[in-house]
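Report on one structure; see the data block that follows.
The values are calculated or read from the model by the stated rules, or taken from the named source; none is laboratory data. Fair warning: this is a prediction, and the values are worked out from it, not measured in the lab. Glycine also receives a Cβ, built like all others from the backbone with ideal geometry; neighbour counts cover every protein chain displayed. For the accessible areas, the whole protein counts, side chains as well, though only heavy atoms, and no ligand, DNA or RNA atoms are used. Shrake-Rupley method; radii C 1.70, N 1.55, O 1.52, S 1.80 Å.
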Amino acid sequence: MDLVRHLEYFVAVAEERHFGRAAATLGVTQPPVSRAIKTLEKHLGLTLVERTPDGAAVTAHGAALLPRARLIVDDARRLTTTAESLTASKTVRIGLIPQLDDALAARIAASVGVRARVETAGAVSLLDSVRSHELDVAVVDHPVVLDRLTAGPVITLPRRVCVPTTHRSAQAERPRLTMLSDLTFATTPRTANPPAHDLLLDVFRRHALDPELFIANTFRDVSIGVASGRCFGLVPAASPVLPGTEHLDLASEDVALRVRIVRRVDEADSLANLVDRILLQANK
């Protein structure tokens, strides 16, 4: 279901108080509007609009959700407008760390459009590329050494611990991080971002886990290492569970991926704001 589109139809009906007038405002016929409202109500489990002899009336539940619906619709329009202005002007160059999942990377590229050029590398390399004007913005893991760059707020993206299906932690009723002591940790090399790398290992040590490391530059490397039974790794919470692996919700706050959008001080912040909105949506 296209939630934004359905919310747009709901907002139109709520404002026009009439299905026909709402359809005219939206530039569609009335049946799709009626179907959209019914689909949205089924999705939310609430009645939002009631038909009346004069047209349509918003229910108490609908009135409570209407302000939030307007915000989402307006935000989506602003995102589209920003993306159009960016793609109309020049090629947009974006750097992403490999810890971001493919779906999120694709969403960023799609929002920017056909002029997007996306590069994947470690944070240190991406920061150098931003400084040298090879990239416009980069999404890097936090913390990093900025050095002549500016960064947006820290955004937290949930992650899960990925373990082999045959491992005792996958079978345990109450798994703990300490159970992973017989596995190596599949992770990007320390050179990709020393501060973030060291901070994550400190997290494991606080949980009485001091694993040996297996260098994994991509999610494929992590998945192969885990499926082979020798490693554990961290994957985005929304990632599919692949054969031979299991996802565990362990120390979720500590192992979450914290990222920042970095740009040059003299660079306009419109692109950074666009990427920021997409990351925030992924965090909801």
Quick one: of the DSSP bridges fully inside segment 1-155, what percent are antiparallel, nearest 5? 35 percent
Can you give me the relative contact order of segment 189-245 as a percent, contacts being Cα pairs under 8 Å and 6 or more apart? 24 percent
What per residue convex hull volume, in Å³, comes out for the chain when only alpha-carbon positions are used? 156 Å³
With no solvent and one equal point scatterer per Cα, compute the Debye intensity ratio I(q)/I(0) for segment 110-241 at 0.14, 0.18, 0.21 Å⁻¹ and report its log10, rounded to two decimals. -0.73, -1.08, -1.33
With the contact rule set at Cα under 8 Å and sequence spacing of 6 or more, what percent relative contact order holds for segment 1-48? 33 percent
Say each of T91 and E15 gets a label point 7 Å from the Cα, pointing the same way as Cα to Cβ; how far apart are those two points in nm? 3.9 nm
Per the 1/(1 + (r/R0)^6) rule, R0 = 51 Å and r from the Cβ atoms of S181 and R68, FRET efficiency to 0.05 is 0.65
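For segment 95-180, what is the accessible area per residue in Å² when the probe is 1.4 Å?
On the way: 3990 Å² over 86 residues.
With the other protein chains kept in place, segment 95-180 gives 46 Å² per residue.
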Which of L213, L177, T191, positive extreme of dipole for segment 168-219 (C-beta unit charges): L177
Report, in whole Å, the centroid distance computed from the Cα atoms of segment 131-185 and segment 1-78. 39 Å
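Give me the percent relative contact order of the chain, please, defined on Cα pairs under 8 angstrom at least 6 residues apart.
Numbers: 475 pairs, mean separation 56.9, N = 284.
Here the relative contact order equals 20 percent.
Want the number for A109 to R277: 0.36 nm per residue separation, take away the alpha-carbon distance, what's left?
Working: separation 168, 0.36 × 168 = 60.48 nm, distance 1.32 nm.
Gain in length upon complete extension: 59.2 nm.
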With a 1.4 Å probe and every protein chain kept in, tell me what percent of the accessible surface of the chain is carbon plus sulfur. 51 percent
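Looking at the chain only, what percent of DSSP beta bridges run antiparallel? Nearest 5 please. Each step should come with its number before you reach the end.
Details: 23 of 36 bridges.
Percentage antiparallel, nearest 5: 65.
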